[in-house]
Amino acid sequence: MPSKSEIRQNIIQQAKCIVVKVGTRVITSDTGILDHARIDSLSAQLCHIADSGRQTLLVSSGAVGAGVSKLALAERPSGLAQLQAVAAIGQTDLIQSYETAFAKRGRHAAQVLLTATDLRRRGGYLNVRNSLNQIHSFGAIAIINENDSVAVSELMTTFGDNDRLASQVAGLLSEALLIVLSDVDGLYDGPPDSEKSKKLDTVTQIDDSILAMAQTHKSNQSRGGMESKLRAAKTATSHGHPTIIAPGRDDRVLDKIMDGEIVGTLFLPPERSIKGRKRWIGSSAEVNGSITIDAGAESAITRRGSSLLAIGILKLTGSFTEGSVIAILDQTGKELARGLSNYPSSEIKKIMGLPSEQISEVLGHRPYECVIHRDNLVLLQD
């Protein structure tokens with residue numbers, strides 16, 4: 001039986017992507033002003049993670065709080081239009097603070113603003129995932145937030161809070177570890193400020209007894225509480241992603257976690273959990289068409305883990321749009337894999353059998369070099 005420390009170290013070693021969520025109360029003072037020193041410390045640790053080669057993303061709250069501070073408002077507005085305007089004003093300060101901190105360490109902040117529908121639609125799912133992967137390939141760190149200034153429902157409902165958004169972002173990616181930084185040290189079996197309460201180091205299953213431990217903390221700036229964090233952890237672990245709720249006001253919290261130290265509360269995924277992306281592509285999503293590939297393409301995707309290029313496609317069946325799930329068949333008609341198509345069927349018909357360099361000549365544009373990226377492709381024998 002591995003020790004708690006060994007379990008954590010194994011999780012860190014296996015994680016290829018780190019999604020960190022930071023709440024308003026962690027990066028602002030008691031009066032709601034952005035804490036630039038803490039943002040700098042957090043940014044240094046994020047850059048350290050990125051330097052290890054892992055894809056690193058930050059889901060950051062704080063736009064409304066920063067806007068309230070910038071406008072010298074006495075309290076957080078209650079009207080939707082006011083909240084949207086305050087968020088838009090505060091978002092500039094928030095992203096600039098991260099950019100300044102990253103730039104000192106040779107990296108850049110990439111602002112990504114999402115609405116709930118961006119992750120629900122097939123095309124939106126594909127575009128967000130591809131964008132996040134490209135940001136990583138450029139060596140930048142994505143700073144993700146709900147698009148408060150245009151999402152009519154977000155500040156009242158939608159994702160509900162950035163905890164849920166972070167769990168959905170983790171679900172887009174493979175072998176991700178979700179770290180939720182909070183103003184408490186982790187999950188306690190009672191009120192966190194009680195001497196009788198004990199912090200749980202590891203949770204193997206998030207059931208009703210665990211959810212009952214949630215102690216919701218309300219504030220004028222923060223929208224989330226322990227209940228929302230537990231529900232986010234439940235979503236992430238159900239997709240196969242370990243989740244850690246940890247103390248965000250510890251200036252070395254991420255360094256400690258990445259070193260395998262027992263910090264916060266670790267929530268383990270079920271042993272038979274299926275990655276959220278693979279579960280959706282491989283079984284849950286509707287298959288809208290199929291393509292037949294040659295032996296060279298078959299070898300590339302099944303043996304070398306390559307993306308599917310247009311040159312390897314022999315035949316196309318069905319009519320579908322960009323972002324649809326399609327089946328990949330060998331020349332005998334056996335289904336080898338499924339994946340998200342970067343192109344609609346009407347364009348694949350024109351470019352199949354052609355090298356990637358000729359796509360722009362035929363279509364007049366080439367948004368993607370491959371028809372299905374390897375990150376969006378699931379082998380059925382896996």
nm² value of the averaged projected area, convex hull over the Cα atoms of segment 278-379: 5.6 nm²
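Once you order the gyration tensor axes a ≥ b ≥ c over the Cα atoms, which shape class does segment 4-273 get: rounded for a/c under 1.5, otherwise prolate or oblate by comparing a/b with b/c?
rounded
For segment 326-382, which trypsin sites (Lys or Arg not before Pro) are in a loop by DSSP, counting at most 13 other Cβ atoms within 10 Å?
Those satisfying the criteria are Lys334.
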Listed residue (Ala110, Leu314, Leu200) projecting farthest to the positive dipole end of the chain, Cβ model: Leu314
Note, ³J(HN,Hα) from phi for segment 233-240, Karplus 6.51, -1.76, 1.60, rounded to Hz, x at Gly and Pro: 5, 5, 5, 5, 5, 5, 8, x
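Readers should treat all values here as calculations from the given coordinates under stated rules, not as data from a laboratory. The structure displayed is predicted, hence computed values, not measured ones. Positions of Cβ are generated from backbone atoms using ideal geometry, with glycine treated the same way; all protein chains shown enter the neighbour counts.
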